[in-house]
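Nothing in this text is a laboratory measurement; each read-out follows from the coordinates by a stated rule. Only a predicted model underlies this, so the values are computations on that prediction, with no experimental measurement involved. Virtual Cβ from ideal backbone geometry, glycine too; neighbours counted across all protein chains shown.
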Amino acid sequence: MLKRSLLASYFLLITLFISAQEKPPYAIPKKFEGSNGAVVSAHPLASQAGLAMLQQGGNAVDAAIATQLALAVVYPGAGNLGGGGFMVAALKDGRTVALDYRESAPGKAFKDMYLDSAGNPITSLSLEGPLASGVPGTVAGLFASLKYAKLPFKKLVAPAILLAEKGFAITQSQARSFNGSKPDFLANNKKNIAFVKNTKWKEGDLLIQPELAATLKRIRNNGADEFYKGITAKLVVAEMKRSNGIMSLDDLKNYEAKERTATRFNYKGYEIIGMPMPSSGGLLLEQMMKMIEKRDIGKMGFQTTEAVQLMIEVERRAYADRGTYMGDADFVTVPVDILRSQKYLEQRMSDYQPGVAGNSKTTKEGFVKESEETTHLSVVDNEGNAVAVTTTLNGGYGSYTVVSGAGFLLNNEMDDFSVKPGAPNMYGAVGKAANAIAPGKRMLSSMTPTIVLKNKQPYIVTGTPGGTTIPTSVFQTLVNLLEFNMTPYEAVYEPKFHHQWLPDEVEIEKGFNEITAQKLGKMGYTLKARGAIGRVELIVITQEAGRKIIAVADNRGDDAAKGY
Ligand code: GLY
């Protein structure tokens, strides 16, 4: 029996190794339909690593852990060991899990740490180099989620070690991204790093990361303590000292992942479960869904002027609340009960006028826009568990600083705080005291890992990267499915739009309904074309004609859906 399972693990690792060395364009499956389990993530090799765990008897949490570890190797722009994230799970026994492994501000951090002597933000400091990094939460989060998993960590980390040690063939978009980021990598690292080479990267080149492989092996052998107290912790602090960083061994030693109570609300009979503070995602989604619930948007139709205007106006109102009231609830009082109450939300919509453009001047407060480089994965297994995980380094490649000797990138999550409450940051956005910097505090996030239950069973598992566009993308995906009766493919692939109170404009993706855009323009809205919005990873499980899983990977990137 044991021999058979060892042989199976070996075979699955060999399969992964062969796929890793394949020359792109290798298969990037966008869809999977089946009945056992599925994994959707930002990279085919990471989805494959998660699938291998499901096939070896692991559950959705095992697959989510292995996928995250693999993403830390094959998707270095956002997959990470040096960042943080959130896991929302609906377990087969009916329990829900909301695990917070968001980064926290180092002990020496203070409110005005990114301001010059005249009180103006020095944005480069909160965005690049070790001073931009919060204390990483990912490794603590992976080990905290192990209690819901079945397989030993050494099995879950094996694909990641293999991919880091032997290397994998990079995709065209990764080659472009490494080449484009070279100046930032060079500016923020004093030693050689795996992502920089003398010649240009091209599709199919092997990325080998021996230092990262060694770090993963130390974590495999010594657990989370290795990252927070061991050699890895010392290497992180040495990296801080090489430059202007302030993270200390104590900061690392004191970091812990926190179990929170998931946000939960009812929308027309569906139970929607999400992430609470320090993510604004769960609450924003609830506010937006509840503000449309009584207005029969389904009858208005997808991307009609009527439906889009309603969605813009609820987005405007929810995001105005975000900037004022939301922050780490362990540090500030967030009036969650009021913000989600029916009475408050009705009052919020009392000045909504169909056919008349709203105006952010008359809506009170602001927001902090975040970088859009984050990553999401959705997983379901054949036991009835569902997991949605969103993790991030914040910007693409985070602070651009690789911990020398440890081979992983550090986040630049400190920029998700309001660097100067009340003043615009580098994106022209403003935030408030609720999200001001304080030692140990976690910066406000928009990440929105979400699970929808139907008849108490997981029905939709979803989430996306995209900074402040995350909650609006999840909102629109759910409305597409629950109100416009779209197929899962349409729900992900149809163009999206985004309004976040300030700037007072509607961002639209290529392909957005032109007639609707013209009508909204005439009504007084400012529309702005932009690139892709989000990269939604969606799984829908229907039970009506026997259990059926439909997994969809967004076509806006290298994202891949795999299952069995
Ligand atoms: N850094 C992106 C987010 O946490 O929302």
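Below, the figures for the structure above:
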read-out	value
Restraint check, LYS147/LYS456; LYS31/LYS200; LYS166/LYS562; LYS343/LYS519, Cα-Cα greater than 28 Å	LYS31/LYS200; LYS343/LYS519
Partners for LYS190 among aspartates and glutamates (Cα-Cα distance below 13 Å; same-chain residues under 8 apart left out)	GLU239
Cα centroid separation, the stretch 432-477 to the stretch 534-557 (Å)	19
Residues SER124, SER47 arranged by fewest to most Cβ contacts within 10 Å	SER124, SER47
Fewest-first ranking of THR516, THR401, using other Cβ atoms within 10 Å as the exposure measure	THR516, THR401
Charge dipole (the stretch 1-156, unit charges on Cβ, about Cα centre) - positive-most of TYR75, ALA118, GLY50	GLY50
Cα gyration tensor shape of the chain, rounded if a/c is under 1.5, else prolate or oblate by comparing a/b with b/c	oblate
Phi-based couplings in Hz for the stretch 255-263 (Karplus 6.51, -1.76, 1.60; Gly and Pro marked x)	5, 9, 6, 10, 7, 10, 8, 4, 6
Magnitude of the charge dipole, the chain, Cβ model with Lys/Arg +1 and Asp/Glu -1, debye to 20	840
Nearest-20 debye value, the stretch 32-175 charge dipole, Cβ charges on Lys, Arg, Asp, Glu	480
For the stretch 113-229: rounded, prolate or oblate by the Cα gyration tensor [a/c cutoff 1.5]	oblate
Fewest-first ranking of LEU212, LEU151, using other Cβ atoms within 10 Å as the exposure measure	LEU151, LEU212
FRET E, pair LYS548, GLU293, Förster distance 25 Å, beta-carbon r, rounded to 0.05	0.35
Extreme residue, positive dipole direction of the stretch 490-532, given options GLY531, GLY521, HIS499 (C-beta unit charges)	GLY521
Three principal axis lengths of the stretch 35-109 [C-alpha, angstrom, descending]	50, 32, 16
The chain - mean residue ellipticity at 222 nm from DSSP helices (-39,500 (n - 2.57) per run, n ≥ 4, rounded to 500)	-11000 deg cm²/dmol
R0 of 41 Å, Cβ-Cβ distance SER117-ASP337: FRET efficiency to nearest 0.05	0.50
Selection from MET414, ASN485, SER399, by position along the positive dipole direction of the stretch 397-532 (Cβ)	MET414
The stretch 108-188 - charge dipole about Cα centre, Lys and Arg +1 at Cβ, Asp and Glu -1, debye rounded to 20	600
